[in-house]
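See below for the structure under consideration.
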2 protein chains.
Amino acid sequence: MADFTQRLEHAVRRTGSVLCVGIDPDLERLPPDVKKSGDAVEAVRMFCSEVIPATADFAVAFKFNFAFFEALGWRGARLLEELVAIVPDDCLTIADAKRGDIGNTARMYASAIFDRMKFDACTVSPYMGRDSVEPFLEFEGTCTFVLARTSNAGGNDLQLLECGSRPLYQHVAESVHRWASAHSATAGLVVGATDIEALAELRAAHPQTPFLIPGVGAQGGSAADVMAAAGRGPLIVNSSRKILYASSAPDFARAARTAAEATATELRAPS
Amino acid sequence: MADFTQRLEHAVRRTGSVLCVGIDPDLERLPPDVKKSGDAVEAVRMFCSEVIPATADFAVAFKFNFAFFEALGWRGARLLEELVAIVPDDCLTIADAKRGDIGNTARMYASAIFDRMKFDACTVSPYMGRDSVEPFLEFEGTCTFVLARTSNAGGNDLQLLECGSRPLYQHVAESVHRWASAHSATAGLVVGATDIEALAELRAAHPQTPFLIPGVGAQGGSAADVMAAAGRGPLIVNSSRKILYASSAPDFARAARTAAEATATELRAPS
């Protein structure tokens, strides 16, 4: 399997963009038309299986938010497995699950994501340290994005604490770099679009590390600022709600495609 | 629904102990007898549906490690829902899932755990801060155990970093206390059995907070040291492997019961 960063480069060349379409199917926001059957899982299936192919031309990746599937129970878990499998081969798939546990448990989570569901990448939390991240790095060709600086308001609570002479998130970024050095799989960082200064600092310190950037659009970060701060290193920028819920009319898939194209243009890759 | 701490007190009176039986069904360690069918999910179902009733007399709670079910795919998710439902009503159920995400996503995870699967408690990671924890605290009668000081080796990597004049884990514990003050559900802390000094410090600072303590037994902490350090506050001490894998012979359930009884005796509640 090709290296994750190479596959990302290929997808960026294909689309001319760094757009990742986030699959966070919130039942309350789905078009009335797809909810007609009254079954939540069927509604999400119908919605996602139209939106994914409609937007794939403009997406380097699809990021699946596990919470929205788990909230549907075991049928949601089954649907997630089905939907990952319909993503076209030239798009990357990201398991946004933010797992983090002791070594033997982390291995089980990694196996679920990489072995069973065949995701190309995932997100993990760093709080439990090295042995909670390393089991993910044993899967060749994949990328594990570790939370560094997140886009939510609460992201400030711990991540900005000064540890020695630097904030915790910088400490995390350097730790991840060190942990990854012993493994062949790729380690990346999650860096929110809402703290442009942190993004620019982290990019300067980690020019070759793939960054997964949420928080553009609905959460408030501007695409132009993100692209300027993120520079020329490997990059994936996620947009979910602006694309998924572009229209609640029966033409929702076409509207999602148009929104994806417009967002991809805002997120044009540096040439 | 009664307050979580009251229900815990009731379970402690019933058993005379603070033992939680951890359900981490590792296929490789299951008795050959239950693996005969060749189907992993069936083997785990057969194993757990014997071990849970066999040990319930000595358990204040059962803690389900989500990773071991997710590794089995969607049928594992379905099995998890089935098994939670067979736990006797006078035992508490803990979803050991260590979720942690932005507010709207945290709400989905909380809904999966509390609304759909009807767990009494769960574990969450603090790295994303206040709005990643608070949605869990909106479910009355439940307890959300936030990772503070974990029992694994990597737990030292971030948790011991000095932030201001104290280690990060103490900062987390105080933050959780503050976040919880606005909510009626209970917030607890995960404190590993492998750092007895941290356990004693945290108990002194948080005498009324429920502690969930993993890491006794296979991971190395001694029951006597834990009980001495944890004092008289609300307490749940988890043991998984020593009980689950007490025997790989066909009498595994009876052996698990005997091991649970012995462990419960070591973990006798202060009277």
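Quick notes
- Residue in the stretch A:166-190 that is surrounded by the most Cβ atoms within 10 Å (Cβ to Cβ), counting only those that are out of contact with any Pro (no Cβ under 8 Å at 6 or more places or on another chain) and closer than 13 Å to A:TYR127 by Cα: A:TYR169
- Failed condition for A:ALA97, given (1) open to solvent by 10 Å² or more (accessible area, probe 1.4 Å); (2) at pLDDT 95 or above; (3) among the small types (Gly, Ala, Ser): (1)
- Every residue from the stretch A:110-140 that is open to solvent by 10 Å² or more (accessible area, probe 1.4 Å) and more than 9 Å from every other protein chain (Cβ to nearest Cβ): A:PHE114, A:LYS118, A:ASP120, A:GLU138, A:PHE139, A:GLU140
- Tally, over the stretch B:239-263, of residues that are closer than 18 Å to B:ASP24 by Cβ and open to solvent by 10 Å² or more (accessible area, probe 1.4 Å): 11
- Whichever residue in the stretch A:144-167 is in a loop (DSSP other than H, G, I, E, B) and within 17 Å of the chain's Cα centre (by Cα) and, among such residues, is farthest from the other protein chains (Cβ to nearest Cβ): A:SER151
- Residues of the stretch B:4-53 that are within 30 Å of B:THR142 (Cβ to Cβ), open to solvent by 20 Å² or more (accessible area, probe 1.4 Å) and small (Gly, Ala, Ser): B:GLY16, B:SER49.
- Among the residues making up the stretch A:79-106, a single one is free of Cβ contacts under 8 Å to residues at least 24 places away in the same chain and either basic (Lys, Arg) or not in a helix (DSSP H, G or I) (or both): A:ASP89.
- The stretch B:191-222: number of residues that are aliphatic (A, V, I, L, M) and open to solvent by less than 10 Å² (accessible area, probe 1.4 Å): 7
- Look at (1) within 16 Å of B:ARG203 (Cα to Cα); (2) in contact (Cβ under 8 Å) with a residue 40 or more places away in the chain and you find that B:CYS143 fails only one, number (1).
- A:ASN156 surrounded by fewer than 24 Cβ atoms within 10 Å (Cβ to Cβ) and either basic (Lys, Arg) or modelled with pLDDT of 95 or more (or both): yes
- Given (1) under 25 Å from A:SER17 (Cα atoms); (2) surrounded by 24 or more Cβ atoms within 10 Å (Cβ to Cβ); (3) more than 7 Å from every other protein chain (Cβ to nearest Cβ), index of the condition A:ALA56 fails: (2)
- Contact annotation: residue pairs with Cβ atoms under 8 Å, 6 or more positions apart or on different chains, pairing a residue in the stretch B:194-214 that is among the aromatic types (Phe, Trp, Tyr) with a partner that is in a helix (DSSP H, G or I), are B:PHE211/B:LEU199; B:PHE211/B:LEU202; B:PHE211/B:ARG203; B:PHE211/B:ALA230.
The values are calculated or read from the model by the stated rules, or taken from the named source; none is laboratory data. The model shown is predicted, which means the values in this text are computed figures rather than measured ones. Because the Cβ atoms are built from the backbone with ideal geometry, glycine has one as well, and the counts that use them run over all protein chains shown. To get the accessible areas, we keep the full protein, side chains included, count just its heavy atoms, and leave off ligands, DNA and RNA. Shrake-Rupley method; radii C 1.70, N 1.55, O 1.52, S 1.80 Å.
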